[in-house]
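The values are calculated or read from the model by the stated rules, or taken from the named source; none is laboratory data. Predicted model only: the values in this text are computed from it and were never measured. Every residue, glycine as well, gets a Cβ built from its backbone with ideal geometry; the counts of neighbours run over all protein chains shown. Heads up: the accessible areas ignore ligands, DNA and RNA and are worked out on the full protein's heavy atoms, side chains in. Shrake-Rupley method; radii C 1.70, N 1.55, O 1.52, S 1.80 Å.
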Amino acid sequence: MTARKPDQRAQPACAAEDETEELLRDLDRRLRGRFARMTGGQSPWAALQAYEDWLFHLSVSPARQFELWWRWGEAANRLVAAAAHPAPEDWAFKPEPGDRRFRSPSWTRPPFHLLAQAHLAAEAQWRLATSCLRGVADHHARRVTFMGASVLNAMAPVNFPWSNPDVVDATLASGGRNFLQGLHNLLQDVAVAGGQRHGQADSPWQVGKTLATTPGDVIWRGELCELIRYRPQTPSVHAEPVLIVPAWIMKYYILDLTAEDSFARWLASQGYTVYILSWKNPGPDDRGISFDDYRRLGVMAAIDRVSEEAGGQRIHGVGYCLGGTVLAIAAAAMGRRKDNRLATLTLLAAQTDFREAGELLLFIDESQVALLEDMMHVEGTLDARNMSGAFSMLRAHEMVYSRIVERYLIGRAGVQGPLDAWLSDATRMPARMHGEYLRQLFLENRFTHGELAVDGEFVAAKDIRIPVFALGAERDHIAPWRSVYRIGLHGRSETTFVLTGGGHNTSVVSPPGKPGAYYHTGPVIGEADHLEPEGWLSNARRHEGSWWPEWLSWLKARASPVEVAPPPSPKEGLGPAPGLYVHEA
């Protein structure tokens, strides 16, 4: 059967016909790009369009308006009745699951309990007003809900000193010194953000010293990445090595954090030869790097070198986040070409189907993507601050407001942990690559639809022909677990899905013995069973502890039992791990 190839189209209809027209269009892009910098990369039209859609359909629904007024009156009566019942179990309006804003016992004291319930009531009424309104596009309804919820979240009583009982208590206990300490913390953070102080200079968490310390060597360095091979920790090793492909949105050492939390170190201690990619932090000169370049010059180049070092033994691929997405695409392309060098595919919090990509889809439509592309056209990259800003908006209380309250109002200095240090060590995205990622995967979902072009042929998830292990996390707002799960619904091979607790990063950093760790296992998907996510969850079993040993058992059952002598040290040393690229600011 002949492989289906992408259409070889002529220039698109909107292509410039001459140099003058191209110059004018470039001028427009640069002007829009500078406008995007003023809006933080957010499209006002995308927000306005969603609001207009909702407001119009609400205005022509008088019965729904009456229902909302009636519900609001009911809520007011419930609040009056709740004034005499400060205990949380008696609250008329209770926090949503996962909402930790009012968890402090101080919120049970009058009048704070009433302030909390009044705020929760306002949020509940807003959700009611923006849901199930006939005629409103689903994308617009979710965006309006999010925009209103963001405003209400900013106005929550927990965010103000006079309406937060913990701040009031701290002020009375310290005689107001908490605000002086908060001012000191604020000035310190402003200095770090403005580049007057290096945030990691006096931190106990230093790359190569206390972070990313697993012994290893850089065995290859390309224009886009370095390949690190960790030194063996056992007398013999499994013949089939493991290649880890991390995301390039952040740096690789989330998988080699501290000696106690390092996934790479733990895996090497289990008798595996472990390789990992460390990506270059791109600058404006790298604006032309494409998404497929990360596959060709990163994943495939690494597979070539690992396969050569392993004497042709098959490789177990492990991809995290965006690294998992590009590894899955590489595995699909290899499957189509009958390239059998990969033995298994493990996807950690990595999406391949973007139909249910969660709250990030709120920022993905044509207007939004075009504006971001124009901003990157000016700057050459997407700055880490723009990405962290988008992620912060999705979890504003956890990532913004709680920090403001703790550091600036209560005046706690806070102790930076290793994960905090990693989060502050951000990277940039090349303009072309990030535009293609947003358009081809988020906006058009081409990999799922079988319309993603790789080397002149279309590939899809169904082209993956090796066993798959997919890990999702319950509280992951970047790669929601229901989205990660869908790899099993589109593939042809056996897919083992595991659902763990935690968020996008904390779920992966889960060494054996981690307090409170747990995970769920359920039916294998992708063969005879194609359960929807909720159906899978209803059949799943909960296990206490880390998912790492569960994955290792899965890997061993699908790997060769042959063991060999550890590989020798590299003849031409390019330096020890963690290499050079990880230090690029």
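Data overview
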item	result
Counted residues, region 298-351 - those being crowded, with 24+ Cβ neighbours inside 10 Å, at positive phi and not aliphatic (A, V, I, L, M)	1
Residue in region 84-97 that is exposed (fewer than 14 other Cβ atoms within 10 Å of the Cβ), closer than 25 Å to GLY135 by Cβ and without any contact (Cβ under 8 Å) to a residue 24 or more places away in the chain present	no
Conditions (1) free of Cβ contacts under 8 Å to residues at least 12 places away in the same chain; (2) open to solvent by less than 50 Å² (accessible area, probe 1.4 Å); (3) closer than 30 Å to ASN386 by Cα; number of the one not met by ARG101	(1)
Leading residue by the ranking (nearest to ARG231 (Cα to Cα)) among those in region 547-577 that are of a type in the set (S, T, N, Q) and open to solvent by 40 Å² or more (accessible area, probe 1.4 Å)	SER569
Odd one out for CYS132, checked against (1) touching a His at 6+ places or on another chain (Cβ under 9 Å); (2) surrounded by fewer than 19 Cβ atoms within 10 Å (Cβ to Cβ); (3) more than 26 Å from ARG109 (Cβ to Cβ)	(1)
Selected residue [in contact with a Lys or Arg (Cβ under 8 Å, 6 or more places away or on another chain), in contact (Cβ under 8 Å) with a residue 24 or more places away in the chain, of a type in the set (A, V, I, L, M, F, W, C) and open to solvent by less than 40 Å² (accessible area, probe 1.4 Å)] from ILE487, ILE464	ILE464
Of the criteria (1) assigned to a helix (DSSP H, G or I); (2) open to solvent by 20 Å² or more (accessible area, probe 1.4 Å); (3) within 30 Å of GLY450 (Cα to Cα); (4) not small (Gly, Ala, Ser), which one MET375 fails	(2)
Selection from region 52-70 of residues that are out of contact with any Lys or Arg (no Cβ under 8 Å at 6 or more places or on another chain) and surrounded by 14 or more Cβ atoms within 10 Å (Cβ to Cβ)	ASP53, TRP54, ARG64, LEU68
Answer from GLY522, GLY526, GLY545 - the residue that is free of Cβ contacts under 8 Å to residues at least 60 places away in the same chain and in contact with an Asp or Glu (Cβ under 7 Å, 6 or more places away or on another chain)	GLY526
When residues of region 529-542 are limited to those that are surrounded by 15 or more Cβ atoms within 10 Å (Cβ to Cβ) and touching a residue at least 40 places away in the same chain (Cβ under 8 Å), the one nearest to the chain's Cα centre (by Cα)	PRO533
